[in-house]
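Chemist: Got a structure for you, questions after.
The values are calculated or read from the model by the stated rules, or taken from the named source; none is laboratory data. Just so we're clear, the structure is a prediction, and the values are computed from it rather than from any experiment. Here Cβ is always computed from backbone atoms with ideal geometry, including for glycine, and neighbour counts include all displayed protein chains.
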Amino acid sequence: MGPTPEPAFPPGDGSPGLAGAQGSGAMAWWRLEMVCAPELEESLLWKLPTLGISRVALTHRPESPQRCLLLAWLPEIDWPAPERVELARALAPLGEPFGLSLPPLAWHRQDDEDWSLSWKQHWQPDPVGQTLLILPAWLEAPADQAHRRPIRMDPGSAFGTGSHPSTRLCLEALEALAEQRGGLGALAPLEGLRVADLGCGSGILALAALRLGACQVAAVDTDSLAIRSTTENARLNDFTVGDGSLAPAQLRLALGSASTLEILLEGRPADLLLCNILAPVIEALSPSFRSLLAPAGVGFLSGLLVDQAPGLEKVLAAQGWRAQLVARQESWGLMRLEIRRDVA
Ligand SMILES: C[S@@+](CC[C@H](N)C(=O)[O-])C[C@H]1O[C@@H](n2cnc3c(N)ncnc32)[C@H](O)[C@@H]1O
């Protein structure tokens with residue numbers, strides 16, 4: 001397989017996205033390239049959109065798993081030389097927690113047409129686990145992947161195109177749960193399951209849960225661009241989406257955080273809680289988990305570094321949870337969360 005696409009951020013700024021960019025003729029772009037260590041990926045993918053940079057891709061090459069290439073496309077008109085110098089300065093502190101210095105930033109000017117082509121090149125059908133397939137919206141599943149369950153994604157979508165380790169860990173855990181419950185050969189192995197997705201990004205976890213047969217997913221994100229992206233991706237996959245106030249929808253979606261999710265769940269905690277956010281945010285949100293997850297439910301928490309797991313386990317244990325690191329990819333971990341039977 002070619003380079004793997006990584007989480008991309010939303011065009012959100014009302015930007016052209018793919019289709020608009022193709023039509024905007026005279027515009028030129030700076031393509032930023034940075035070869036970086038995997039530890040820096042998530043921080044960069046977090047930071048760049050806050051600086052107004054939403055067109056981002058990461059590629060991993062099988063021959064050098066310890067390095068990834070981050071690509072970002074910035075409108076030339078908005079990023080003159082002083083702004084680009086300032087950007088390097090703004091990103092530099094991201095390496096500090098890992099004892100790394102930020103790699104050099106390489107800039108290449110390119111025309112609009114080149115940009116849209118470059119963007120597309122970084123998107124290939126991406127198989128996850130045994131049965132899932134993340135499909136760029138404009139592609140059909142290749143014949144050798146046609147047996148997989150497709151999740152169609154728009155490239156302009158928020159974090160979560162499925163190839164970031166923390167997202168993959170959640171997708172694989174979802175699939176493992178499906179295997180335990182209905183078996184992966186079943187049409188809807190997660191049938192009857194009510195799912196809560198806290199920090200849905202592009203909606204990829206919510207859509208995977210629905211694709212595996214969950215009857216309903218409630219999802220929230222504090223980023224309005226993520227809500228837009230999740231809505232668009234749900235429609236691409238022919239799932240009904242609403243805010244719960246009108247006709248029942250497979251995906252109930254709203255801007256907000258834990259308390260909004262509680263409202264979407266209508267006072268009935270979910271059977272499965274998905275939360276892929278950085279460890280400090282998970283910790284801050286953890287007091288709400290009791291009202292989001294049913295006593296017999298299971299949570300999958302990701303977005304934490306393996307080193308952060310013991311601290312987080314301790315915090316959760318003090319709140320009556322049994323939280324265990326059950327999987328890892330690179331330096332990212334996945335925690336399974338259940339009520340502690342000894343104290344419940
Ligand atoms: C790492 S992304 C995960 C996206 C997607 N669920 C996935 O697994 O790929 C985390 C998402 O959580 C959202 N987020 C951050 N803090 C949040 C909070 N306190 N409440 C709800 N969402 C939050 C961010 O906007 C972002 O979209």
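Chemist: Kindly provide the set of residues from segment 193-207 that are in contact with a Leu (Cβ under 7 Å, 6 or more places away or on another chain) and either more than 6 Å from the ligand (Cβ to nearest atom) or at pLDDT below 95 (or both), ordered by number. Lay out the reasoning, then the answer.
Modeler: Just the residues of segment 193-207 that are in contact with a Leu (Cβ under 7 Å, 6 or more places away or on another chain), to begin with: 193, 195-198, 205-206.
Scanning segment 193-207 gives L193, V195, A196, D197, A206.
Chemist: Kindly evaluate L184 against the criterion of being more than 16 Å from the ligand (Cβ to nearest atom), within 21 Å of L135 (Cα to Cα), not in a strand (DSSP E or B) and not basic (K, R).
Modeler: Numbers: more than 16 Å from the ligand (Cβ to nearest atom): yes; within 21 Å of L135 (Cα to Cα): yes; not in a strand (DSSP E or B): yes; not basic (K, R): yes.
Answer is yes for this residue.
Chemist: R268 fails exactly one of the following numbered conditions: (1) modelled with pLDDT of 95 or more; (2) surrounded by 14 or more Cβ atoms within 10 Å (Cβ to Cβ); (3) part of a loop (DSSP other than H, G, I, E, B). What is the number of that condition?
Modeler: R268 satisfies all of (1) modelled with pLDDT of 95 or more; (2) surrounded by 14 or more Cβ atoms within 10 Å (Cβ to Cβ); (3) part of a loop (DSSP other than H, G, I, E, B) except (2).
Chemist: Could you check P280 against (1) of a type outside the set (A, V, I, L, M, F, W, C); (2) more than 29 Å from E191 (Cβ to Cβ); (3) within 16 Å of the ligand (Cβ to nearest atom); (4) surrounded by 17 or more Cβ atoms within 10 Å (Cβ to Cβ) and say which number it fails?
Modeler: For P280, the failing item is (4).
Conditions tested, residue by residue: (1) surrounded by fewer than 17 Cβ atoms within 10 Å (Cβ to Cβ); (2) outside any loop (DSSP other than H, G, I, E, B).
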site: F239; (1), (2): no, no
site: A247; (1), (2): yes, no
site: L285; (1), (2): no, yes
site: G299; (1), (2): no, yes
site: G303; (1), (2): no, yes
site: Q308; (1), (2): no, yes
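Chemist: Spot the failing condition for T260; the list is (1) more than 15 Å from the ligand (Cβ to nearest atom); (2) at negative phi, and only one is missed.
Modeler: Failing condition for T260: (1).
Chemist: Identify, from the list E179, E232, the residue that is of a type outside the set (A, V, I, L, M, F, W, C), in contact with a Ser or Thr (Cβ under 8 Å, 6 or more places away or on another chain), in a helix (DSSP H, G or I) and assigned by TED's automatic domain parsing to the domain that holds L292.
Modeler: From the options E179, E232, the qualifying one is E232.
Per-residue answers, yes or no, for (1) modelled with pLDDT under 80; (2) assigned to a loop (DSSP other than H, G, I, E, B):
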residue: E6; (1), (2): yes, yes
residue: F9; (1), (2): yes, yes
residue: G12; (1), (2): yes, yes
residue: S15; (1), (2): yes, yes
residue: Q22; (1), (2): yes, no
residue: G25; (1), (2): yes, yes
residue: E33; (1), (2): no, no
residue: P49; (1), (2): yes, no
residue: P65; (1), (2): yes, yes
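Chemist: Would you check if A146 is among the hydrophobic types (A, V, I, L, M, F, W, C) and under 26 Å from K47 (Cα atoms)? Please lay out each step first, then the result.
Modeler: Working: among the hydrophobic types (A, V, I, L, M, F, W, C): yes; under 26 Å from K47 (Cα atoms): no.
It is false that A146 is among the hydrophobic types (A, V, I, L, M, F, W, C) and under 26 Å from K47 (Cα atoms).
Chemist: I'd like to verify a number: residues in segment 262-287 that are over 20 Å from L171 (Cβ atoms) and in contact with an Asp or Glu (Cβ under 9 Å, 6 or more places away or on another chain), how many?
Modeler: Total meeting the criteria: 2.
Chemist: Which residues, taken from segment 211-226, are more than 9 Å from the ligand (Cβ to nearest atom) and surrounded by fewer than 24 Cβ atoms within 10 Å (Cβ to Cβ)?
Modeler: Scanning segment 211-226 gives R211, G213, C215, Q216, S224.
Chemist: Under 6 Å between Cβ atoms, which residue pairs at least 6 apart in sequence (or on different chains) link something in segment 97-110 that is within 26 Å of W79 (Cα to Cα) with a partner that is basic (K, R) and not in a loop (DSSP other than H, G, I, E, B)?
Modeler: H108/R31; Q110/R31
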